[in-house]
1. Quick one: how many residues across the stretch 54-89 are surrounded by 12 or more Cβ atoms within 10 Å (Cβ to Cβ) and more than 12 Å from Asn14 (Cβ to Cβ)?
2. Check off (1) more than 24 Å from Arg88 (Cβ to Cβ); (2) surrounded by 13 or more Cβ atoms within 10 Å (Cβ to Cβ) for Val12 and give me the number that stays unchecked.
Amino acid sequence: MLAIAVIFVLGVGNFALHKAVMESNHPMTRQIAWLSNPTGRKIAFALEFGVLLAALLLAANGWPNLVWGYLVYSGLNGVSGWLILGGRV
């Protein structure tokens with residue numbers, strides 16, 4: 001149960017970071033053609049949701065150590081978001 005809660009909280013953070021990067025209008029997001037339009041952004045959010053849903057379902061069905069993998073995934077998202085939003089890239 002703790003693994004599910006941790007994955008859920010990390011997922012909320014991933015969605016918030018994803019939205020912040022999308023709304024930042026950073027040049028990298030404009031260079032990727034399918035992220036430049038609203039439909040592409042919805043697809044990107046759907047993919048993020050799919051990753052979160054898969055992690056939650058796996059953790060709920062006997063894979064509680066998956067939280068470590070999702071933690072690494074969230075950490076990489078956090079570093080990339082920090083680089084993009086901080087203007088370091």
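1. Residues of the stretch 54-89 that are surrounded by 12 or more Cβ atoms within 10 Å (Cβ to Cβ), as a first pass: 54-60, 63-64, 66-67, 69-71, 73-74, 77-78, 80-85.
If we keep only those that are more than 12 Å from Asn14 (Cβ to Cβ) too, we end up with 54, 56-60, 63-64, 66-67, 69, 82-85.
Result for the stretch 54-89: 15.
2. (2)
Yes or no, residue by residue, for (1) out of contact with any strand residue (DSSP E or B) (no Cβ under 9 Å at 6 or more places or on another chain); (2) over 15 Å from Ala20 (Cα atoms); (3) in contact (Cβ under 8 Å) with a residue 24 or more places away in the chain; (4) part of a helix (DSSP H, G or I):
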residue	(1), (2), (3), (4)
Gly40	yes, yes, no, yes
Leu53	yes, yes, no, yes
Val67	yes, yes, yes, yes
Leu71	yes, yes, yes, yes
Leu76	yes, yes, no, yes
Val89	yes, yes, yes, no
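Coordinate-derived values only; no laboratory data. Keep in mind the model is a prediction, meaning the values are calculated, not measured. Virtual Cβ from ideal backbone geometry, glycine too; neighbours counted across all protein chains shown.
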